[in-house]
Amino acid sequence: MIEARGLTKRYGETLAVSELSFTVQPGRITGFLGPNGAGKTTTMRLILGLDRPTRGTVTVNGKEFRQLARPMQEVGALLDAKAVHGGRSARNHLRCLAEANNLPLRRAGEVLELVGLSDVAGKRAGGFSLGMGQRLGIAAALLGDPAILMFDEPVNGLDPEGILWIRNLMKALAAEGRTVFVSSHLMSEMEHTADHLIVIGRGRVIADCSVADFIAGNSVQSVRVRTPDPVVLVNAVAQAGGTAVADGDGAIVVQGLTAERVGDLAFTSRIPVHELTPDRASLEAAFMELTAASVEFRAGAPGGPPGGGRAADSGSEPGPGGGEPVRAGGVA
Amino acid sequence: MAATAQVTVARHGGVPASGGRAGLGGAVRSELTKIRSVRSTYWTLTAMILVTIGIGALFSFGHAQAFSQLPAGQQARQSAASIAHAADYSLFGLILGQLIVAVLGALTITSEYSTGMVRTSLTVMPRRGTLFAAKALVFGAVALAAGLATSFASFFIGQAILSTQHISTTLGHPGVLRAVAGGGLFLACCGLLSYGIGAMLRHSAGAITASIALLFVAYILSNFLPGSWAQHIDKWIPFNAGAAIWENVSAPDMFSPWAGFAVFAAYTAVALAAGLILFRRRDA
């Protein structure tokens, strides 16, 4: 378990993270999300004691990282696949890490086997591709068979096979009861892997909830309908309390009503329906909307946040205001 | 979904439940593996040994040649002084050997920063004082062993060359063993001084430049000081203080061998202490 309380880090004039408080629970994958520059890596560096917090505390299993008796057996971390001496072979890299924590040397071979690098164990790490480097970093993290694993942007730059491999690995690790804490700036990635989300923007926690709650609480759902008699449908929708807008493609986008409700309305209005598609906003859209106000560097392109969530007088959804903390319940 | 990775991270007793707190012993073994598993260690040490021996041999050869061309009468008068300096001649290569061991000392820590390895090292051993000490102990031991081998090899090869003119000395002569063993101590100290500077600067090129400036450039510049200043300042120059231990005949205005070495060791201690303080305090 990782616990941050009021964690704050300032580098000179830059406030990297501010008053972060969160708990990473065991037995599930906690996604740590935020746009680039939000403070994800800084937070992980603070957890590992690489940087000292300006204020606040962060503990691992109740202790400061520096106090852990055998750090590798409690926390395995992959911060950066390049944090390896390129002149050292993969096997020797792992050996020197194992020795530092009095781990049996055969572990080096075991984890190399696990990540599929046995064939290149004697090769110098400097010649490894990015994907191999990531695997070596993961091998190092698994060396001490730790109960907590942290991965910083593990799928960055990987090919689809590598991405799938890491996803499955993280799921298997969480299923074994371990704490998995993984950062990403890609919402779509988290949608596939994470059980729980901690979203940060500009160094602040802006959401801490389950993935399902995050989507439900931060996006507006819509329904695409295609009918030869749009006027009747638009009126029916308006009477039922929804909004309907033509999407310019001959279809109508309805907000504030479920797909079932729209289908029933069409039936009672006796108009044919050629398409009825519930358009569930993706995590990506919800994330963009939530962090729109907290992106540090934004291209000056016009156009609102994707996902089209702003329109709605749907009433049922709480307005996702930019920096407002969103704490959906259900921490399970 | 393609094939799911079959993961067994070896909960099944892959790692013994406890082996005590990770401490200096493990850190020392880890650093020993680190220093042995990169080629730069071997290249640098080989360069140090060859350059030091080579220059000592060349210097001894030059002196033997010069001696052989003296008229017989002058040879007789010169012989005793030549024998007194015989150890110094053969160890003259240390003046360049110190620079090479300084490179290795700096790289011992700066390569961790240039490669990013330091972040990995600190997540497996977050107690920074322990990591710093383990590195210093391992590098210091390697530098001392290589330094002693270099110094003794230089001595024996130099003496073999000087003996052709019967102006060689032996380890049994007063002060000679101290000078030759002192050469090894001197090299180890140069390396550790540079290691401390490396910890302060965290940058290979910067740390190597700073060490060479301190060990070599300061010594050269000191030769241009006005005589009245030189008398008081020269002996405090790091190279002059450190070299006192391997110069069998103390030059005037210089420290005695052990006093000079103590001054040099004190400089090294200051560099190590400053490096340790910064290593502990700074964000990695």
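Exactly one residue among A:R135, A:R91, A:R106, A:R70 is assigned by TED's automatic domain parsing to the domain that holds A:K40 and under 16 Å from B:A22 (Cβ atoms), and that residue is A:R70. The condition (being farther than 23 Å from B:G198 by Cβ, over 16 Å from the mean Cα position of the chain (by Cα), β-branched (V, I, T) and part of a helix (DSSP H, G or I)) is satisfied by just one residue among B:I233, B:I277: B:I233.
Would you be able to tell me the number of residues in region A:117-145 that are surrounded by fewer than 24 Cβ atoms within 10 Å (Cβ to Cβ) and under 26 Å from A:A38 (Cβ atoms)? Within region A:117-145, residues that are surrounded by fewer than 24 Cβ atoms within 10 Å (Cβ to Cβ) and under 26 Å from A:A38 (Cβ atoms) number 3. Once region B:34-75 is narrowed to residues that are away from chain A (no Cβ under 14 Å) and in contact with a Phe, Trp or Tyr (Cβ under 7 Å, 6 or more places away or on another chain), the residue that is nearest to A:K123 (Cα to Cα) is B:I55.
Looking only at region A:67-78, filter to residues that are in contact (Cβ under 8 Å) with a residue 40 or more places away in the chain and surrounded by fewer than 24 Cβ atoms within 10 Å (Cβ to Cβ); which one of those is nearest to the chain's Cα centre (by Cα)? Taking the candidates together, the pick is A:E74. Sub-9 Å Cβ pairs linking a first residue in region A:162-176 that is in contact (Cβ under 8 Å) with a residue 12 or more places away in the chain and among the charged types (D, E, K, R) to a second residue that is in a helix (DSSP H, G or I) and surrounded by fewer than 19 Cβ atoms within 10 Å (Cβ to Cβ), at least 6 apart or interchain, are A:R167/A:H192, ordered by first then second residue.
If you filter region B:257-272 down to residues that are surrounded by fewer than 21 Cβ atoms within 10 Å (Cβ to Cβ) and of a type in the set (V, I, T), you find that the one that is nearest to B:G242 (Cα to Cα) is B:V263. Of the conditions (1) free of Cβ contacts under 8 Å to residues at least 12 places away in the same chain; (2) part of a helix (DSSP H, G or I), A:A139 fails just one. Which one is it? Only one criterion in (1) free of Cβ contacts under 8 Å to residues at least 12 places away in the same chain; (2) part of a helix (DSSP H, G or I) is unmet by A:A139, namely (1).
When region B:182-196 is filtered for residues that are more than 13 Å from B:P238 (Cβ to Cβ) and over 8 Å from the mean Cα position of the chain (by Cα), the ones remaining, listed by number, are B:G182, B:G183, B:Y195.
Assess whether A:A81 counts as being buried (at least 24 other Cβ atoms within 10 Å of the Cβ), at the interface with chain B (Cβ under 10 Å from one of its Cβ atoms), in contact (Cβ under 8 Å) with a residue 12 or more places away in the chain and touching a helix residue (DSSP H, G or I) at 6+ places or on another chain (Cβ under 9 Å).
yes
Under the condition of being surrounded by 18 or more Cβ atoms within 10 Å (Cβ to Cβ) and farther than 15 Å from A:D229 by Cβ, the residues counted in region A:239-276 number 6.
In a residue-by-residue description of region A:239-258, the property of being over 37 Å from the mean Cα position of the chain (by Cα) and either modelled with pLDDT of 90 or more or among the aliphatic types (A, V, I, L, M) (or both) applies to at least one position. Counting only helices (runs of 4 or more DSSP H) that fall entirely inside region B:21-115 and contain at least 3 residues that are hydroxyl-bearing (S, T, Y) and out of contact with any Asp or Glu (no Cβ under 6 Å at 6 or more places or on another chain), the qualifying elements are B:39-68, B:94-115.
Do we find a residue being out of contact with any helix residue (DSSP H, G or I) (no Cβ under 8 Å at 6 or more places or on another chain), under 19 Å from B:G147 (Cβ atoms) and free of Cβ contacts under 8 Å to residues at least 60 places away in the same chain anywhere in region B:245-263? Can you show your working first?
Here is the first cut: in region B:245-263, the ones out of contact with any helix residue (DSSP H, G or I) (no Cβ under 8 Å at 6 or more places or on another chain) are B:251-252, B:262.
Within this subset, residues satisfying the condition of being under 19 Å from B:G147 (Cβ atoms) are B:262.
Checking the rest, the ones that are also free of Cβ contacts under 8 Å to residues at least 60 places away in the same chain come to B:262.
Within region B:245-263, one or more residues are out of contact with any helix residue (DSSP H, G or I) (no Cβ under 8 Å at 6 or more places or on another chain), under 19 Å from B:G147 (Cβ atoms) and free of Cβ contacts under 8 Å to residues at least 60 places away in the same chain.
For region B:148-196, the set of residues classified as in contact (Cβ under 8 Å) with a residue 24 or more places away in the chain, of a type in the set (V, I, T) and farther than 24 Å from B:T44 by Cα consists of B:I161, B:T164, B:I167, B:T169, B:V176, listed by residue number.
Residue count for region B:11-33 under the criterion of being at the interface with another protein chain (Cβ under 7 Å from one of its Cβ atoms), modelled with pLDDT under 60 and under 21 Å from B:T123 (Cα atoms): the result is 1.
Taken as a whole, the structure places A:V180 among residues that are in contact with a helix residue (DSSP H, G or I) (Cβ under 7 Å, 6 or more places away or on another chain) and in contact (Cβ under 8 Å) with a residue 60 or more places away in the chain. Scoring B:R128 on the criteria (1) crowded, with 24+ Cβ neighbours inside 10 Å; (2) more than 27 Å from B:P174 (Cβ to Cβ) leaves a single failure, condition (1). Answer yes if at least one residue in region A:148-167 is buried (at least 23 other Cβ atoms within 10 Å of the Cβ), within 13 Å of A:R91 (Cα to Cα) and facing chain B (nearest Cβ under 10 Å), and no otherwise. No, because not a single residue in region A:148-167 is buried (at least 23 other Cβ atoms within 10 Å of the Cβ), within 13 Å of A:R91 (Cα to Cα) and facing chain B (nearest Cβ under 10 Å). Do the conditions hold for A:D119, that is, is it modelled with pLDDT under 95 and among the charged types (D, E, K, R)? No; evaluated as a whole, the condition is false for this residue. One residue stands out among those in region A:35-65 that are within 13 Å of another protein chain (Cβ to nearest Cβ) and charged (D, E, K, R): the one that is surrounded by the most Cβ atoms within 10 Å (Cβ to Cβ), which is A:R45. If you take the residues in region B:236-253 that are surrounded by fewer than 19 Cβ atoms within 10 Å (Cβ to Cβ) and not polar (S, T, N, Q), which one is farthest from the other protein chains (Cβ to nearest Cβ)? For region B:236-253, the residue satisfying everything is B:P252.
The values are calculated or read from the model by the stated rules, or taken from the named source; none is laboratory data. Small disclaimer: the values here were computed from a predicted structure and weren't measured. Quick reminder, even Gly has a Cβ in these numbers, built from the backbone with ideal geometry, and neighbours come from all protein chains shown.
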